[in-house]
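Chemist: Shown below is the structure under consideration.
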Amino acid sequence: MLKGRHLIDPMDFSPEEIDEILQLSDEIIKNPRLYADVCKGYILATLFFEPSTRTRLSFEAAMLRLGGSVTGFSSADASSAVKGESVADTVKTISNYADICAMRHPKEGAPKIAAMYSDIPVINGGDGGHHHPTQTLTDLLTIRSLKGRLSNFTVGFCGDLKFGRTVHSLIKALSRYENIKFVLVSPEELRVPDYIKDEVLTKKRIDFVEVDKLEEIMPALDILYMTRVQKERFFNEEDYIRLKDSFILDLNKLENAKDDMIIMHPLPRVNEISMEVDSDRRAAYFKQTKYGMYVRMGLIMKLLGVEI
Amino acid sequence: MLNVDSVEKGIVIDHIKAGRGMYIYNYLKLDELESCVAIIKNVKSEKQGRKDLIKIDGIIDINLEVLGFIDPNATVNIVEDGKIITKTKLKLPNRVVDVVKCKNPRCITSVENEIKHEFRLSDIEKGSYRCVYCDSMYSAS
């Protein structure tokens, strides 16, 4: 039962519950008109203490496409946080105005605190470098829609695998499905943290390799997940400048890739995927944003307990 | 050989990792007790090589879970009439609340007031804990 639940960590929901959301999202994709008014009378509050275009607009578009309304703020400056109001007090207040809320906050764990004090479902829209569960749902729906399944894949992750929260979440999420192999491509300094390797991959006996060149492993991949080296995750600008161009995907590197491989990216990109790749049929990153909106529609409906 | 009188009625915290006795003394606020308290450091031990020992004259309430977090190998002996009547071997607790603070500067606990600092045991062999808010690691050792 997903009604009334919070989504803070991508692992909060079982694979069966995630399947329920993906299934509903599929139905919405097939017949969006059928769902155009299901959330009429409901209000989504978007509490964005940190700038974001994609995630906030995706949540808002999702609610509007379900016939609901949206309120909220898009930076901490526009909220009472600037006066020193706590997350707990903010969400207690918002609970009186809205039926569901999506929160992005620069501090890790803020949405968890919001969930502890909220009377309405809280969806984590990203907390610092920690979790971003709706991106994980987006990724799962993209894979399922474009590949037709969520098992039996070799998945390559490339770029910043140390600070990339979407990578950590997707590794954890995919590790719950059958026969998934991981290829982790990054410079030494940006490798997947040990705790992911120890507590997820090794513990579940999942095949993985760490390499520092994309080309040599390209033919084996069913999915290539590219990431941006994010400036805001570094304390030191020198390290950022040294590593930001570590891995750039272009058509040359794709020469040996499978015809039906898909290229994903949580966006925004800087230069890690050359624009010439955009027109390649394997590029799935803009489709991914659309799936992101549909999966948020499915999620909102499930958490509100709304049915057609 | 240093001689410290044996306890008639009280508590002996034994097998404390050498060097950690003073930390336990401070954490349990034993300096606030009126009764006699002895910390013995670097006692020879067959099992541990060296260990610390705390003797408390009189029975006081001790939070065994917190003590287990500070030193899971220690034992707490309750003494009456000069004899040990109960011996409790400590272990790492599953959760610790408001004992240590999360050191991650990006954690919400660094700015949110009146929030309990809570950690959950994540790896019993390594004695590692994770902040329930940001998942940052804290090693009990």
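Bear in mind that the values in this text are calculations on the coordinates, not laboratory data. Predicted model only: the values in this text are computed from it and were never measured. Cβ coordinates were reconstructed from backbone atoms using ideal geometry, including for glycine residues, and neighbour counts include every protein chain displayed.
Chemist: For the protein assembly as shown, which cysteines have no second Cys with its Cβ under 4.7 Å from theirs?
Modeler: Isolated Cys, the protein assembly as shown: A:Cys39, A:Cys101, A:Cys158, B:Cys36.
Chemist: Averaged across the residues of B:126-139, what count of C-beta atoms belonging to other chains lies within 10 Å of each residue's C-beta? Please report the intermediate quantities before stating the final value.
Modeler: On the way: counts 1, 0, 3, 0, 2, 2, 2, 11, 10, 8, 3, 3, 0, 0.
Neighbouring Cβ atoms belonging to other protein chains average 3 per residue here.
Chemist: By average Cβ neighbour count within 10 Å, what is the ranking of A:135-143, A:19-27 from highest down?
Modeler: Listed from highest to lowest mean packing, they are A:135-143, A:19-27.
Chemist: A follow-up question, please. Which of the lysines could a cross-linker bridge to A:Lys204, judged by Cα under 27 Å and excluding same-chain residues fewer than eight apart?
Modeler: A:Lys112, A:Lys147, A:Lys162, A:Lys172, A:Lys181, A:Lys213, B:Lys91, B:Lys126
Chemist: Give, as a single signed number, the net charge of other residues whose beta carbon lies under 12 Å from the beta carbon of A:Lys107, with Lys and Arg counted +1 and Asp and Glu -1. Walk me through the intermediate numbers first.
Modeler: Values: positive: A:Arg104, A:Lys112, B:Arg106; negative: A:Glu50, A:Glu108, A:Asp127, B:Glu112.
In short, -1.
Chemist: Out of A:Leu146, A:Ile120, A:Leu161, whose Cα points farthest toward the positive end of the dipole of the stretch A:90-245 (charges: +1 Lys, Arg; -1 Asp, Glu; placed on Cβ)?
Modeler: A:Ile120
Chemist: Can you give the Rg to Rh ratio for chain B, taking only C-alpha atoms and Rh from Kirkwood? Mind showing how you got there, number by number?
Modeler: Working: Rg = 16.8 Å, Rh = 16.4 Å.
In chain B, Rg relative to Rh is 1.03.
Chemist: On to the next question. Run through all the Cα pairs of the stretch A:114-155 and give the fraction in each 10 Å bin from 0, expressed as whole percent.
Modeler: 25, 36, 27, 12, 0
Chemist: Using a 10 Å cut-off on Cβ to Cβ distances, tally the other chain neighbours for every residue of B:99-111 and report the average as a whole number. Write down the numbers at each step before the final one.
Modeler: Values: counts 0, 0, 0, 2, 0, 6, 3, 9, 7, 15, 5, 3, 7.
Per residue, the average neighbour count from other chains is 4.
Chemist: Please give me, ordered by residue number, the trypsin sites (Lys or Arg not before Pro) of the stretch A:1-99 that lie in loop per DSSP and have at most 16 other Cβ atoms within 10 Å. Intermediate results must be reported in sequence, preceding the final value.
Modeler: Working: sites: A:Lys3, A:Arg5, A:Lys30, A:Arg33, A:Lys40, A:Arg54, A:Arg56, A:Arg65, A:Lys83, A:Lys92; in loops: A:Lys3, A:Arg5, A:Lys40.
Counting only loop positions with at most 16 other Cβ atoms within 10 Å, the trypsin sites (Lys or Arg not before Pro) in the stretch A:1-99 are A:Lys3, A:Lys40.
Chemist: If amide H atoms are built 1.01 Å from N in the plane of the peptide, which residues on other chains or at least 5 residues away come under 5 Å of the amide H of A:Thr46?
Modeler: Hits under the 5 Å cutoff: A:Thr71, A:Gly72, A:Phe73, A:Ala102.
Chemist: Set Lys and Arg Cβ to +1 and Asp and Glu Cβ to -1, take the dipole of chain B about its Cα centre, and tell me which of B:Ile56, B:Ile84, B:Gly21 lies farthest positive.
Modeler: Going by the Cα projections, it comes out as B:Gly21.
Chemist: May I pose another question? Work out the mean other chain Cβ neighbour count within 10 Å for the residues of A:105-115 and drop it here as an integer.
Modeler: On the way: counts 1, 3, 11, 13, 15, 7, 2, 5, 5, 1, 0.
Average per residue, whole number: 6.
Chemist: Where does each of A:Ile248, A:Ile94 land when they are ranked from fewest to most other beta-carbon atoms within 10 angstrom? If you can, show how the numbers build up before the last one.
Modeler: Working: A:Ile248 17, A:Ile94 22.
If I rank by nearby Cβ atoms, fewest first, I get A:Ile248, A:Ile94.
Chemist: Residue by residue through the stretch A:93-101, what is 3J(HN,Hα) from phi via Karplus (6.51 cos²θ - 1.76 cosθ + 1.60, θ = phi - 60°)? Round to whole Hz and write x for glycine and proline.
Modeler: Residue by residue, the stretch A:93-101 yields 5, 4, 4, 7, 9, 10, 9, 7, 9 Hz.
Chemist: What does the helix-only formula give at 222 nm for chain B: each DSSP H stretch with n ≥ 4 adding -39500 (n - 2.57), the total divided by the residues, and the result rounded to the nearest 500 deg cm²/dmol?
Modeler: Working: 2 runs with 14 residues, N = 141.
Only helices count here, giving -2500 deg cm²/dmol.
Chemist: Can I get the semi-axes of the stretch B:59-141's equivalent ellipsoid? Compute them from the C-alpha gyration tensor as square roots of 5 times the eigenvalues, in angstrom, largest first. Numbers along the way, then the final one.
Modeler: Values: eigenvalues 190, 41, 11 Å².
Computed over the stretch B:59-141, the values are 31, 14, 7 Å.
Chemist: Where the only charges are on Cβ atoms (+1 Lys, Arg; -1 Asp, Glu), what is the dipole of the stretch B:6-61 about its Cα centre, to the nearest 20 debye? Write out the running numbers ahead of the final one.
Modeler: Working: 10 positive and 9 negative charges, 94 e Å.
So the dipole magnitude of the stretch B:6-61 works out to roughly 460 debye.
Chemist: So, one more: Let me check I've understood the local charge: for A:Lys258, count other residues with C-beta under 15 angstrom from its C-beta, Lys and Arg +1, Asp and Glu -1. What total comes out?
Modeler: Values: positive: A:Lys147, A:Lys181, A:Lys253, A:Arg281, A:Arg282; negative: A:Glu215, A:Glu216, A:Asp222, A:Glu255, A:Asp259, A:Asp260, A:Asp280.
Local charge sum for A:Lys258: -2.
Chemist: Rounded to the nearest 20 Debye, what is the dipole magnitude of chain B about its Cα centre when Lys and Arg each give +1 and Asp and Glu each give -1 at the C-beta? Mind showing how you got there, number by number?
Modeler: On the way: 22 positive and 21 negative charges, 145 e Å.
My answer is approximately 700 debye.
Chemist: With +1 on each Lys and Arg Cβ and -1 on each Asp and Glu Cβ, and nothing else charged, work out how big the dipole of the stretch A:186-308 is about its Cα centre, in Debye to the nearest 20.
Modeler: On the way: 20 positive and 25 negative charges, 141 e Å.
Dipole of the stretch A:186-308, to the nearest 20 debye: 680 debye.
Chemist: Taking only the alpha-carbon atoms of chain A, what semi-axes of the equivalent ellipsoid follow from 5 times the gyration tensor eigenvalues under a square root, in whole Å, largest first? If you can, show how the numbers build up before the last one.
Modeler: Details: eigenvalues 203, 102, 63 Å².
Working from the Cα gyration tensor, I get semi-axes of 32, 23, 18 Å.
Chemist: Which values, in whole Å and largest first, are the semi-axes of the equivalent ellipsoid of the stretch A:58-185 obtained as the square root of 5 times each eigenvalue of the Cα gyration tensor? Please report the intermediate quantities before stating the final value.
Modeler: On the way: eigenvalues 203, 63, 29 Å².
One finds semi-axes of 32, 18, 12 Å for the stretch A:58-185.
Chemist: What longest range of chain B stays clear of loop-exposed GluC sites (Glu not before Pro) (DSSP non-H/G/I/E/B, at most 15 other C-beta within 10 angstrom)? Write down the numbers at each step before the final one.
Modeler: Numbers: sites that count: B:Glu8, B:Glu34, B:Glu46, B:Glu114, B:Glu125.
No qualifying site falls inside B:47-113, the longest such stretch.
Chemist: Another one. When Lys and Arg each count +1 and Asp and Glu each count -1, what net charge do the other residues less than 13 Å away from A:Tyr177, Cβ to Cβ, add up to?
Modeler: On the way: positive: A:Arg144, A:Lys147, A:Arg149, A:Lys172, A:Arg176, A:Lys181, A:Lys204; negative: A:Glu16, A:Asp19, A:Asp139, A:Glu178, A:Asp222.
Overall, the nearby charge balance is +2.
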